[in-house]
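Structure record follows, encoded as structure tokens.
Computed from the coordinates by the stated procedures, all read-outs in this text should not be read as laboratory data. Just so you know, these numbers come straight off a predicted model, no measurement behind them. Reconstructed Cβ throughout: ideal geometry from the backbone, glycine too, with neighbour counts over all protein chains shown.
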Amino acid sequence: MALKKTILITGGAGFIGSHLVRLMVNKYPHYHIINLDKLTYAGNLENLKDVEDKSNYTFVKGDITQAEQMQQLFEQYGFDGVIHLAAESHVDRSIANPMSFIETNIVGTVVLLNAARHHWKDAEGKRFYHISTDEVYGSLGDTGYFTEETPYDPRSPYSASKASSDHLVRAYYHTYGLPVVVSNCSNNYGPYQFPEKLLPLMINNIRHNKPLPVYGDGQYTRDWLWVGDHAAAIDLIYHQGRTGETYNIGGNNEWKNIDLIHQLCDIMDELLGRPAGASRQLITFVKDRPGHDRRYAIDASKLKHELNWEPAVQAADGLRRTAQWYLENTAWLERVTSGAYQQYYEEMYASEQ
């Protein structure tokens, strides 16, 4: 008989979270999946329309920084596990307003850790899984990769807040014996990503023949991970990862920003029926971001060797699938790009010209 579990997924209405919630709800009908989300600008229940009526799925609107509410949720549902994705995650926003990142990413994580510690007197079968980023490691040169042993060297308020939360999760493991696991992932991409991030921003701007803002010289390098591959890795680590361990999750897809944007432009020209090279003419280089890390690259060999995971979707295929999804879901894109977000970014990029 399948073991019944009640699992809390924080930030489940966000980009990565919604993909994970959908996977868990459909794959584990005997689990009760509780999706906790504050529904800020990047949280969207429309992302989960296809599972909202499932009997093993419950949405709760809530704020992870509110200790009393979190204690009540643990009391009400008796969670067997927590998969913690809720976070402020955009570097530009962290530069403009660091305090919101401190409150959500650090204080919110500690609130959840305290609730789990208080309610899990018997830790048998329990797990607190903290999802983090490769940005905590800082910046790489032209060679080398981040491993699980790479020293932390965060360069932005966002990455510093995530580094702090990572350390606190591990501290609760060593100090209190809380059963935790941590993963650090590279740049995610795919459907339902809020269009402040690079690829959906570029796709939307190409659609409207707007400038494609590229920081600095465009030579910044990132490893790109298909969001579905990330969700599959989270599922695997939650169920089979070793307690107290950290796992790096990477896509084995290293691209310079400008090369990635060139590739995307060519795909969009084809999909939109535009002349070859048309979208590349929209590229506009803007003033560089403060503290911009030059290169990230993940060594995910530990995850491959221990749990036999590796990414299934490569960048060329993933880019096309991403572009096609946004073009087929323009109504969703228009809804989430309306209002203050659009005005903020248009003003920011205009000021850089």
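Below are the figures for this structure:
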{"item": "Normalised contact order of the stretch 118-199, rounded percent, pairs of Cα under 8 Å and 6 or more residues apart", "result": "40"}
{"item": "Qualifying aspartates and glutamates (Cα of each under 19 Å from Cα of K304; at least 8 residues distant if same chain)", "result": "D134, E148, E149, D223, D229, D235, E245, E254"}
{"item": "Phi-based couplings in Hz for the stretch 266-280 (Karplus 6.51, -1.76, 1.60; Gly and Pro marked x)", "result": "5, 5, 5, 4, 5, 5, 8, x, 9, x, 4, x, 4, 5, 4"}
{"item": "Cα-based convex hull, the chain, per residue volume (Å³, whole number)", "result": "133"}
{"item": "Sorted by Cβ neighbour density within 10 Å, fewest at the top, the residues I102, I64", "result": "I102, I64"}
{"item": "Amide hydrogen neighbours beyond the local backbone of N187, cut-off 5 Å, H modeled", "result": "D223, L225"}
{"item": "Structure-based [θ]222 nm, the chain - -39500 (n - 2.57) summed over DSSP H runs of at least 4, per residue, nearest 500", "result": "-12500 deg cm²/dmol"}
{"item": "Relative contact order (%) - criterion: Cα under 8 Å, at least six apart; region: the chain", "result": "16"}
{"item": "Peptide ranges 27-33, 297-303 listed from the most packed, as the mean C-beta count within 10 angstrom indicates", "result": "297-303, 27-33"}
{"item": "Difference of contour (0.36 nm per residue) and Cα-Cα distance, A276 to Q263", "result": "3.5 nm"}
{"item": "Those lysines that a straight Cα-Cα span of less than 25 Å connects to K61, excepting residues fewer than 8 apart in one chain", "result": "K4, K5, K27, K38, K49, K126, K162, K197"}
{"item": "The stretch 9-153: relative contact order as a whole-number percent, Cα under 8 Å and 6+ apart", "result": "22"}
{"item": "Positive minus negative residues near K38 (Lys, Arg vs Asp, Glu; Cβ under 12 Å)", "result": "-3"}
{"item": "Highest-first arrangement of 202-215, 66-79, where packing means the average Cβ count within 10 Å", "result": "202-215, 66-79"}
{"item": "Globularity ratio of the stretch 135-284, using Cα Rg and 2.2 N^0.38 Å", "result": "1.24"}
